[in-house]
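> For reference, the structure I am asking about is given below.
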Amino acid sequence: MNSASRIYKNSVVGWFLRKCLRLVPSNIVIPISNGRLKGKKWIKGSGVNAYWLGIYEIDKQKLFEQIVKPGDVVFDIGAHVGFYTLLASELVGITGKVFAFEPLPRNINFLKKHLKLNRLGNVKIFEFAVSDKEENVFFGELSNSFSGRIIEQEKGIRVKSVILDNLIKSKKLLPPNVLKIDVEGNELAVLKGAEYTIEQYRPAIFLATHTEKIHNECINFLKKFKYNIQPIVGENINKTGEILAYVPDRQSRTNRGSVRKLNRNGRKARSLTKKVNRKKRT
């Protein structure tokens with residue numbers, strides 16, 4: 001966590017700032033104030049203030065910047081209102097591509113607006129859930145109405161779920177260099193539906209897990225494919241819900257026919273994590 005994030009979350013100044021921000025109209029468009037996305041246009045009321053302040057998941061942002069390279073293909077699965085979609089778009093540049101998957105209409109609306117406001121031409125939105133089955137599923141909104149997940153009960157909104165492997169095998173999508181997955185409990189199903197993609201193309205995977213059981217199942221699944229796994233925050237893989245999975249000793253094949261070694265990025269990622277942890281202790 002950087003100094004700006006600490007001030008915002010943990011101080012009297014931060015408390016006062018949060019109170020003042022509630023007075024700002026939610027539909028106002030403002031520039032993101034920090035980080036790689038500084039200056040990009042953002043709708044204040046689309047989500048938490050940490051988005052437009054540029055301090056949202058700062059450790060993950062920095063690691064994302066280390067891993068994603070110009071020309072990469074990034075899948076943003078659970079794109080929400082587009083913070084990581086915008087970050088990926090910025091990092092891959094005009095030669096890369098971002099595929100953003102988001103089924104919740106409220107979030108899709110803001111996602112589209114953020115792409116239009118920033119005139120991004122290297123992003124394509126898929127209004128689907130992602131799973132290991134192709135079917136119509138019920139998608140329930142969480143209490144804050146900012147997020148949702150696939151549910152078994154016949155309530156919520158009805159959406160279509162897709163399987164990543166089918167999209168890759170049918171050549172409807174380019175194979176990914178990086179997967180970012182944040183799907184509020186459906187993580188294992190997403191990974192199972194991407195088994196061929198993971199085995200064949202070895203993408204780096206940013207994964208947010210939402211229960212201890214799913215966390216352990218996802219780690220065991222990825223270890224079958226000889227992935228190294230490290231926490232994005234902290235040093236204990238069992239005490240975090242945010243992990244990076246990568247293959248250090250094998251080359252990552254890309255759709256452009258070039259190759260990129262992830263072990264170099266892995267060393268950078270570990271170094272960055274250590275630096276962040278040292279800052280926390282000081």
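All of the numbers you see were taken from the coordinates with simple rules; none came from a lab. Given the structure is predicted, the values throughout are model-derived calculations rather than measurements. Backbone-built Cβ (ideal geometry, glycine too); neighbour counts: all protein chains shown.
> Evaluate the distance, in nm, between pseudo-label points positioned 7 Å from the Cα of ILE94 and of LYS38 along their respective Cα→Cβ axes.
Reported label-point gap for ILE94 and LYS38 is 2.4 nm.
> For the stretch 75-129, state what percent of all Cα-Cα pairs lands in each successive 10 Å bin, counting from 0 Å until the bin that includes the largest distance.
With 10 Å bins starting at 0, P(r) equals 29, 60, 11.
> Please list log₁₀ I(q)/I(0) at q = 0.14, 0.19, 0.26, 0.34 Å⁻¹ for the stretch 163-206, using the Debye equation with identical point scatterers on the alpha-carbon positions.
Those come out to -0.28, -0.52, -0.96, -1.33, one per q.
> Over 28 Å between Cα atoms: which of LYS41/LYS223; LYS112/LYS172; LYS171/LYS226 fall into that group? Numbers along the way, then the final one.
Details: LYS41/LYS223 39 Å; LYS112/LYS172 21 Å; LYS171/LYS226 26 Å.
Going by Cα-Cα distance, LYS41/LYS223 fall outside the 28 Å limit.
> Nearest 0.05, what FRET efficiency do GLU134 and GLU235 give at R0 = 41 Å with Cβ-Cβ as r?
Working from the Cβ atoms, E equals 0.55.
> How would you classify the stretch 43-88 from its alpha-carbon gyration tensor, with a ≥ b ≥ c the square roots of the eigenvalues: rounded for a/c under 1.5, else prolate if a/b is greater than b/c, otherwise oblate?
oblate
> Treat each spin label as a single point 7 Å out from the Cα along the C-beta direction, and report the ILE157 to GLU217 distance in nm.
Using points 7 Å along Cα→Cβ, the separation is 2.5 nm.
> Taking the Cβ-Cβ separation of VAL48 and LEU120 as r and a Förster radius of 22 Å, what is the calculated FRET efficiency to the nearest 0.05?
0.55
> Considering only Cα-Cα distances, which of the following residue pairs are longer than 32 Å: LYS113/LYS180; LYS60/LYS224; LYS44/LYS133?
On the way: LYS113/LYS180 21 Å; LYS60/LYS224 24 Å; LYS44/LYS133 35 Å.
Exceeds cut-off: LYS44/LYS133.
> Still on this structure: Enumerate the aspartates and glutamates that LYS169 could reach by cross-link, defined here as Cα to Cα under 19 Å, with residues fewer than 8 away along the same chain left out.
Result set, ordered by chain and number: ASP72, ASP76, ASP132, GLU134, GLU135, GLU195, GLU199.
> What is the percent of Cα-Cα separations in the stretch 21-132 that go past 16 Å?
57
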